[in-house]
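Bear in mind these aren't lab numbers, they're just calculated from the coordinates by the rules spelled out. Because the structure is predicted, anything quoted here is derived from the model rather than measured. Every residue, glycine among them, receives a Cβ derived from its backbone with ideal geometry; neighbour counts consider all protein chains shown.
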Amino acid sequence: MRITTKSRAAVTALIDLALHSKDGGVVSLAEIAERRDISLSYLEQLFASLRKAEVVNSFRGPGGGYVLARDANQISLKDIVIAIDYSNTKTNEANELWSSLETFMLEHMDSINLGMLVQQNQDKLNPSAIKQKKEKTSTKVAAAIQKKAIAAKREAVQKKKFIANSVFSWALCSSNKAKIS
């Protein structure tokens, strides 16, 4: 068993849905696609599987969109992965016995719920928090660049004192070096 790109996109989209559907508000896939830079048609495929697995509910018409079918704390990572990655297979019980690693992974995914992921990623997915982090980072980078530029300028000035750019300055420089020595 592996977590596919489809599952990752679904988890990202569901975190976005949970963040933006406060108080039962409906969120359109177009909004999620724009915020998360995921193809709208790709999201439509994912949400069809999620709707079939009763992870989300959909509403048609103007102002339509999606909401979580249950509270975010009641939707496990396992529910999402199975809805997306196993939606095209008949049943998992029909396959051969799962390896112990696969069973362990599913048990672990069952212990992680969407509410936990929303809480952990709230700052990461919040555009104003991202902007603030970028501003702090750019300020630190600018300060580091400025320090390096000042140090390079000092070094160049010190080297310039002993670098001759003509025969006359070379003689002057040589005599200054002799005086210093």
Legend entry - Distant-in-sequence amide H partners of Val56 (H built 1.01 Å from N, under 5 Å): Arg51, Ala69
Inset, instruction - Quick one: go through the range 99-121 and flag any residue whose amide nitrogen is under 20 Å from the point 7 Å out along the Cα-to-Cβ line of Lys140. - result: 121
